[in-house]
Amino acid sequence: MTLSRKNPRAKQRWTLLAAVVGALTLLVAGLSLGLSSSNFELDKNANHDLTSTHLGGLKTSVDNKTTTTSFVVCELGAAPPTPFEIQIDAERMQVNSIGASATTGGCSFANPLDVATSAHTWNVTRAFDSTSIASHVGGPPRNDVTRIQTASGHD
């Protein structure tokens, strides 16, 4: 193909070719820059030493007061033995004990396939592992309670 000012058909072909090459370049760049599970770091220290498990969701909101050390979690399955570490948003907490049962009515999750199997009051130490205490929303999509464990894998 040659570009000729006298032949408008040739100019159209070159324009189409340039558009296709540009679109393919953007597609390849977008795919190569996409994050995979191996590139996500929970703790930003570049060591692959954490794993996470979605345990459930907050039934109601939690404030940012240091005196708030218990809240109800809608559980997706049996909770691990205490003590264990969880993360809600950017705050980490240590679960010291699991208390009284609560009803699962009002439990909701971002994933509509998630169903609460039980709900309990969790007693925690807030701002664990050098994180800051924060308030947390009690409804989807930001009510996830995630267990954090030190293990080999990708964090």
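None of the figures in this text is laboratory data; all of them are computed from the coordinates on show. What you are looking at is a predicted structure, and each value in this text was computed from that prediction instead of being measured. Cβ placement follows ideal geometry from the backbone for every residue including glycine, while neighbour counts extend to all protein chains displayed.
Just check the range 49-155 against the gyration tensor rule for me: Cα atoms, a ≥ b ≥ c as the square roots of the eigenvalues, rounded for a/c under 1.5, and otherwise prolate or oblate depending on whether a/b exceeds b/c. Rounded, since a/c falls under 1.5.
Stretching the chain fully between Ser108 and Ala23 yields a gain of 26.5 nm (0.36 nm per residue, less the alpha carbon separation). The listed peptides 24-31, 69-76, 94-101, ordered by packing as a protection proxy, come out as 69-76, 94-101, 24-31 (highest mean of other Cβ atoms within 10 Å first).
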